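Read through the structure below, which is laid out as structure tokens, and then see the notes.
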Amino acid sequence: MADQTSHGIGGLTYDRKKRGWPNEANVFIALVAIILIFELLGQVLPYMNNQSMLFDFNEARDGTILNMARIKIVILQVAIIGIISLGVTQVIILGGIDLSSGPLVGAAAMIVMSFAQTELVNGQLNPKAVFGPWSFDLPVLAPILVGLAFGAMIGLINGSLIAFTGIPPFIATLGMFLICRGISQWWTKGQPVSFPSDQFAAIGSGMMPVVWFILLAIVLSLLMKYTVYGKHTYAIGSNEDAARMSGINVKGHKMMVYMIASMLAAFAAIVLSSKNLTAQAGMGQFYELYAIAMAVIGGVSLRGGRGSIVGTVLGAMVFGVIQSGFTFIKLDAFYQLMAMGSIIIGAVVLDQYRQRRATLR
Amino acid sequence: MSDDLILETRGLTKHYGGVHALENANFKLRRGEHIAIMGDNGAGKSTFVRQITGVETRTRGEIIFDGKPVHFEGPLEARQAGIETVFQTLALCDDLDVPDNLFLGREKTKFDWLGPFRILDYKAMREATMAGLERTAVKIPNIRGSIRNMSGGQRQCVAIARTATFHSKLTIMDEPTAALGVQETAQVENIVRTLKEAGEPLILVSHNMRQVMDLVDRIVVFRRGRIVADLAKEETDGQDVVAYITGAKTQPEFAEDGVL
């Protein structure tokens, strides 16, 4: 009886074995398949000399034959954009889109770094401080709170515009895209900000970005699955009118979702600037698109209502493996961009096809 | 005004510009009573329902619900006051499962001090859903599947079960079986009967004469924006009702000046 559920009505039961597997399983299979393809290419391509992408047979360090160095790089390079994509996932499930996250990373990084300055650089007074001496060696909480507050403000403006003026999310966040890019250049008139305090530098050092990514992914996954916040996000994305008729405060909820998404992007900016030990006005270029791509590859439907944080995390891994794999087989950067674009389009086409088939059944 | 009325309208009127869609409707619904509203297309049935449920604002007249005059600003206010409406276009979220849809906007939760992040009590909602739907004889293999993959009848049953589960003061159904097959219609009618047994009042807008004769206590006929008949089921039959719908007959007390 273990295979039967008691969730049928009218004498019907249903066989759990017959259930199609979840969408996330498909993404996982795609992930494995892509890894295998790159492994195969490493063996087949004549100029690769039978290299392996994931395994390192020559030096069995750490008691494992896995090429841990490469695996670490793969995860590390998707972790920061991954944090952004967690927020973007919620926005897309809500039925919206957020294009402002990339430039927000740039602007937030500049602002955050200004509040994270250290006093002495190589024994001399910090030559590049944005503010006066009062801003030296502030408690590490100060830049974090400033950054999150800035993110919350941008998100609140995004959400209010979308909820109260009724303009499409695409337009509202496209406007915010340019505004944020402007802010990041205006802040120091284009000068980079460097020399953070040691405490601040610790936030994103080593594998810390991965730790943050995993931690936030777990929290948000629970939020989306087990709380009213998550349920209402899915409901609004699925049928906004029905949600409104059911008494959900649609406007307030939209503002909250956009706010949380922007705060996640701001947090990504904190981690990124800490990792790089510097902030530049151009930081976060294309991040908004990569974040959307991760969600879409992970099975989040651009029509809203469908998708999950788990899917997005897997999507981020697929994204990272593809990027790393292209480098592994020594594909030039411009080919990488072209291939990446094709893969994103392919993921959406596949999703639409699957959805149509599911509806016909 | 007696206490056993749940809904009364006095002189309810709605004009769309020069079009008099609803004219001077005096309507009474007692507690526990099931009333059908019949009439040709454009007779004013849906207009009447839209005034009561707050979808539109009336031109003139009074609506007294549960002993108090009401002015609903929108459908949400009507719902909060206890009027549940099953609309022709179903207000369901395709990507959610049955319990989620049933409890949308009023979820059972734990740890309510968490505010918007309070935890959903899936188990309690599932059990309440099973208990609520079990009586209706609707067949759904798995209530945890998304609504998207369900048939029209199953979806309609979920929409109606939502009103039945929450024991509203008044349920309004606008053509609930118009798009359904025979079996599915029977399921919906089953739910209507459970409402009757529970003593919950209902306004049923329908074109289906057999269904109306089967289910309700009284039939109110609309024609050209006016109420032209208020018939107890026992004192009428299909032919009679059709005569009122088509204009062959008008009850004397509803006659316009000089026209019978």
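The values are calculated or read from the model by the stated rules, or taken from the named source; none is laboratory data. A quick note: this is a predicted structure, and the numbers were derived from the prediction, not measured. Glycine gets a Cβ as well: all are built from the backbone with ideal geometry, and neighbour counts include every protein chain shown. For accessibility, only protein heavy atoms count, side chains too; no ligands or nucleic acids. Shrake-Rupley method; radii C 1.70, N 1.55, O 1.52, S 1.80 Å.
For region B:22-107, GluC sites (Glu not before Pro) are listed when DSSP marks them as loop and at most 11 other Cβ atoms sit within 10 Å of their Cβ; the list is B:GLU73.
Please report the spacing between the Cα centers of region B:161-199 and region A:118-169 in Å, no decimals. Taking the Cα centre of region A:118-169 as reference, the centre of region B:161-199 is 56 Å away.
The aspartates and glutamates within cross-link reach of B:LYS139, meaning a Cα-to-Cα straight distance under 13 Å and a gap of 8 or more places when in the same chain, are B:GLU184. For the protein assembly as shown, the Cβ-based charge dipole about the Cα centre amounts to some 840 debye (Lys, Arg positive; Asp, Glu negative; other atoms uncharged).
Between rounded, prolate and oblate, where does region A:244-361 land on the alpha carbon gyration tensor, with a ≥ b ≥ c its root eigenvalues, rounded for a/c under 1.5, else prolate if a/b exceeds b/c?
Values: a/c = 2.77, a/b = 1.16, b/c = 2.38.
Oblate, because a/c is 1.5 or more while a/b does not exceed b/c.
Within 10 Å of the Cβ of each residue in A:222-231, the mean number of Cβ atoms contributed by other protein chains is 5. In this structure, the amide hydrogen of B:THR109, modeled 1.01 Å from its nitrogen in the peptide plane, lies closer than 5 angstrom to those of B:ASP121, counting only residues at least 5 positions away or on a different chain. The distance between label points at A:LEU302 and B:ARG210 comes to 4.8 nm (points 7 Å beyond Cα on the Cα→Cβ vector).
Classify region A:21-360 as rounded, prolate or oblate, taking a ≥ b ≥ c as the square roots of the eigenvalues of its Cα gyration tensor: rounded when a/c is under 1.5, otherwise prolate if a/b is larger than b/c and oblate if not.
It is oblate, given that a/c is not under 1.5 and a/b is not larger than b/c.
In debye, nearest 20: dipole of chain A around its Cα centre with unit charges on the Cβ of K, R (+) and D, E (-)? Computed charge dipole of chain A: roughly 980 debye.
Which value, in square angstrom to the nearest 100, describes the accessible area buried between chains A and B on both sides, using a 1.4 angstrom probe? Rounded to the nearest hundred, the buried surface is 3000 Å².
On average, how much accessible surface per residue is there in region B:99-162, in Å², for a 1.4 Å probe, leaving out ligands, DNA and RNA?
42 Å²
Computed from label points 7 Å out along Cα-Cβ, the spacing between A:PHE170 and A:THR327 is 3.3 nm. Between A:SER205 and A:LYS128, residue separation times 0.36 nm minus the direct Cα-Cα distance comes to 25.5 nm.
For chain B, the 222 nm mean residue ellipticity estimated from helices alone, with every DSSP H stretch of n ≥ 4 adding -39500 (n - 2.57) and the total spread over all residues, rounds to -9000 deg cm²/dmol.
With charges only on Cβ, +1 for K and R and -1 for D and E, what is the dipole size of region B:60-174 about its Cα centre, in debye, rounded to 20?
That gives region B:60-174 a dipole magnitude of about 280 debye.
Pairs of lysines in region A:21-360 whose Cα atoms sit within less than 30 Å of one another amount to 11, provided the residues are eight or more positions apart or on different chains.
How much of the accessible area of the protein assembly as shown, probe 1.4 Å, is carbon plus sulfur, in whole percent? Carbon with sulfur: 59 percent of the solvent-accessible area. Coupling constants for region A:332-341 follow from the phi torsions by the Karplus curve (6.51 cos²θ - 1.76 cosθ + 1.60, θ = phi - 60°), and in residue order they are 5, 4, 5, 5, 4, 4, 4, 5, 4, x Hz; glycine and proline get x.
Estimated from the Cβ-Cβ distance and a Förster radius of 51 angstrom, the FRET efficiency linking A:LEU66 and B:ALA255 is about 0.05. Which of the listed residues, A:GLN90, A:GLY175, A:ILE236, is farthest toward the dipole's positive end in region A:21-360, when Lys, Arg count +1 and Asp, Glu count -1 at the beta-carbon? Of the options given, the answer is A:ILE236. For the residues of A:240-250, the average number of beta carbons from a partner chain within 10 Å of their own beta carbon is 6.
Based on DSSP H segments of at least four residues, each scored -39500 (n - 2.57), chain A has a per-residue ellipticity at 222 nm of -21000 deg cm²/dmol. Highest GNM mean-square fluctuation among A:ASP98, A:ASP241, A:ASP137, for chain A modelled with Cα contacts below 10 Å: A:ASP241.
Of all DSSP beta bridges confined to region B:5-254, the antiparallel ones make up roughly 60%. The trypsin sites (Lys or Arg not before Pro) found in region B:165-218 that occupy coil by DSSP, while having at most 16 further C-beta atoms within 10 Å, are B:LYS169. For the protein assembly as shown, the antiparallel share of DSSP beta bridges with both residues in that region comes to about 65%.
Do any chymotrypsin sites (Phe, Trp or Tyr not before Pro) in region A:242-302 lie in a DSSP loop with no more than 14 other beta carbon atoms within 10 Å, and if so, which?
Numbers: sites: A:TYR258, A:PHE267, A:PHE286, A:TYR287, A:TYR290; in loops: A:PHE286.
Listed in order of number, the matching sites are A:PHE286.
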